[in-house]
Structures are given as structure tokens and as C-alpha cells.
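Contents: one structure, followed by commentary.
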Amino acid sequence: MTMKKFHMKTNYIFQRSGIFYFRIAVPLHLRDTFGGKAQIWESLKTRDPKEAQERAAPLTDKYKRLFRGDETPDTTNMTFDLFRELIERLGVPGHSVAELQAAPVQDRVAMLSPSLEVRKTIKRPTKTEIDVLGGAIEKPAMTLGQAFGKFKQLMPDLVKGKDPKDTKRFWRRYEEAVEDFVEEMGDLDCLKIDIVKASEYRSNLAERLVEGEFKTDAANKKMMWLKIILDEVFKVYHPGTKNPFKELKKFKEDDKEKRPPFTKAEIKLVRERLRASGMSDEAKAICIIGECTGAGAKELAWMTSADIHLDANIPYISIVPNSLRKKVKTGGARHRQIPLVGDALEQMRKFPNGFERFHTPDGPQQINRAMSEFFRKTVPGKGHYSYRHTMDDWLKRSGCDLGIKTAITGHSLKGHAGYYGTDYDMIQKQEALTKALEYAKHNEY
């Protein structure tokens, strides 16, 4: 790697491997304020010398003002590692504002006493030190992704003697568990993952287990790897913190059975109870559209306006990646287009922009909570996922071609190479759905 200094209108531009960087030395007496750094480095994200000069100029001005004391450094960008380093060097607990405010008055005095004693020994404390001592800095988050990185640093002995390939394979199982949690729940601050949030994730796994996305052993291991990661990380970085994954109940082998489809009587009962239900209109619509399409609750909840095609010759919805999701669960066959037939079209017209109340990171959890309570009371042992298996049965019993059925429900067709290739057209899928819904009206099941 080469590094070259450029003497243009500023002395703070350097080039590394063709990319220009801004670099400035931090005065010795201010280094604690800047996290102990002797130098500040920032990428200028350009290979063009003129553009680098233009981008470096405001940074030069910014840091010179900070060094003169004209501005105060922004401590809101403090990293977890820097915060921990500061409280260890100062020898204080490092309580946050929230922790101090939540404590009774007599406890606050005890919590702040060590900081007050340390303050007496520091002649010229920096603003950052004062903020840490006084609890004015919120503890920075350590996300689950960051915790995995810490776990690897803490446990090098787990891969002792393994070759690079085996080492990568060993860590990958933990990493995949983290990736699954992050994709379903978000990359949350470890300290804010409580038993409620962990239980929501277990429920998420249960729904996917029922659908056959993976087996019981795989679901249990996802929870186990997360528990192991936080056990070690909390032991070192947050002693005494309760591990939310420790209390989760393992799935039993018989839990892997798919949730049974609805009977005709149950479909009728659910419709009747929906009308009187206190659930939101959006949640009710998701139930009815799920019944008429076989689409999952999360698939429907995270549709955007771009996924809803009401003005097409045959109105349809797209279950695809969008601004709310990178993929639809396992991807592949789950990415599909479904015609809107009968009641599904009527309900979708009420929400042409999608179900916006659920367009949040925890939107799928919100809809699942609402529906779980409703189905538990109405048809115990069954839920929204039962619509998928019900529609699957309706399509098969109404004589639907196996490939078209898969194109509608998104189920995979392993071993059926004859069905690979281009998707079925919308007319074929509309006809299949219409026949399936007619079958459901006039037959017992």
C-alpha cells in the first residue's frame, strides 16, 4: 500500500492506494477528548486531486475550530469501545442518564459517589470525561452483529488447531444465527433485547418451522448460538446482565409438524369473528387476502405501493424485495406475482399503498401478535399460516397444475426439473385461483 502526501492548498491530504484521505494531528492536550487519538483520518472518497482538495477544506476548518475550542466535539458518536475504555481508565461504573433517572434519589447518590471522588483527582478534566463522570453520555449500543465480533475476539481457543477452512466453517454457524435474527428482528442493541423480544423471535422461528423452512434441530441451534454469544460477551462487557436467550424453551421434535389447514366450518367462523374483532382494518384485510391468495402475513404486511398493481389488466400483487425487505424469506420461488381474485381484490383496493401501519422494522411482529391472539381464541392450534396450507389443498383438489400451484403459493418444487423455466402467465394463475375459490365454496374439506 502506498501513501503520498500532497502539498496543494492544504497539508492534510494523503493518498492511499489511489484514494485520497484527510489527516490531521490532534494536539496532545486534547487527545483524551478525541478518544485518545493522535490523528484524525477520514476518507475523502475520491481519486481526483482537485475534488479531494475541495472536500478537505471544510474538514480542515472544522477540526481547527474544534482544537481552538470554538466548538465542542460531538460525543453522540462515541463508540462502545471508546466508552468502555474511558470508564475503565477513570475507574467508574459509567452510568447513563436513563439509569440515573430511573433510580431512587438515595440510590443516585450512591451511583454518583465514585464519579465525584474521581473528579476531585483530575485537575483539568476534558468535556468528555466530565460527561462520562456525570452520566451525560448515553451508553453506546453494542449491536448483535458487533457482539458476534467481540465473541470471536474473546474465544480464539474455540478454533485452536483448525485450518482456515474449518475455522471459517466453525464461525459461520454463529454468524448465520446472528444474520437470521438481524434479518427478522433488526440489528438491535444487545442490552435492549429483553425476554419479550427474544420470545418474539422464537415465535418467528415457530411460524417458519411450521411452514417447513427448516427442521426443529436447526431452529433450536439458531437460539443456542445466540445464547452462547451473549453468555460470553455479557460476562466480559456487561457482568450481571441477564441473557434473554437463556430462558427460551427449545422446540420439541413434534413441533416440526406443519400447521393443519382450515376446515370449511373454521373458514366460515374466522370470517364471522373477523367482522366483530377489535383488530385494525389493515389486519383484517391481511387475513382475507391471505385466505384468497395463500400469501403469508409478513409477505403482505411489507408490501409497498410499488408491489400493488390494481390498474393492470389482471390486478395482482408482487411478493418481492423492496424498500422494506431485502428478500422474501428464503427467496427463490417465494418471489412471485399473485392475481387478486374475489374478496382479495376488494380488500386490496382499500389499501392501494399497502398496509402502512406495518411499514416499520417491527411491523411483522405487530401483525403476528394481533393475529396470534385472534386465532388462538377462534381456532386454537391454527393461525394465518394455515391459509397457505388451505390454499394449497384447494388448488390441488380443483385440478390445478403442480407448476401453477407453486407459482401462486411460492412453495419449492425440489426434484421437479420439468417445471423449471419461465413463470406462468397471469391468466393461468388467475384461472387456477378462481377455480380453487369456487371449489372452496361448493365442497366440504
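How much area per residue is accessible in segment 244-379 when the probe is 1.4 Å and only protein heavy atoms are counted (Å²)?
With all protein chains present, segment 244-379 gives 48 Å² per residue.
Averaging the sequence gap over all C-alpha pairs within less than 8 Å and six or more residues apart, then dividing by the number of residues, gives segment 161-270 a relative contact order of 30 percent.
The HN-Hα couplings worked out from phi for segment 362-376 by the Karplus form 6.51 cos²θ - 1.76 cosθ + 1.60 (θ = phi - 60°) are 9, x, x, 5, 5, 5, 5, 4, 4, 6, 4, 5, 4, 5, 4 Hz, whole numbers, x standing for Gly and Pro.
Remark: for residue pairs Lys268/Lys405; Lys160/Lys221; Lys377/Lys435; Lys350/Lys405, the C-alpha separation exceeds 29 Å in Lys377/Lys435. Rounded is the label for segment 286-402, because a/c, from the alpha-carbon gyration tensor with a ≥ b ≥ c as root eigenvalues, stays below 1.5. Calculated from the alpha-carbon coordinates, segment 348-409 shows an Rg and a Dmax of 15.0, 39 Å respectively. Around the amide H of Phe355, modelled in the peptide plane, lie the amide H atoms of Met303, all under 5 Å away and 5 or more residues distant in sequence or on another chain.
In whole Hz, with x marking every Gly and Pro, tabulate ³J(HN,Hα) for segment 341-356 from phi via Karplus 6.51 cos²θ - 1.76 cosθ + 1.60, θ = phi - 60°. So the J values, rounded to whole Hz, are 10, x, 4, 4, 5, 4, 5, 5, 4, 6, 9, x, 9, x, 9, 5. Translational diffusion of segment 181-299, estimated by Stokes-Einstein from the Kirkwood radius over alpha carbon pairs at 25 °C in a medium of 0.890 mPa s, is 146 µm² per second.
The values are calculated or read from the model by the stated rules, or taken from the named source; none is laboratory data. Predicted model, so just to flag it, every value in this text is computed and none were measured. Note: areas computed on protein heavy atoms with side chains; ligands, DNA, RNA excluded. Shrake-Rupley method; radii C 1.70, N 1.55, O 1.52, S 1.80 Å.
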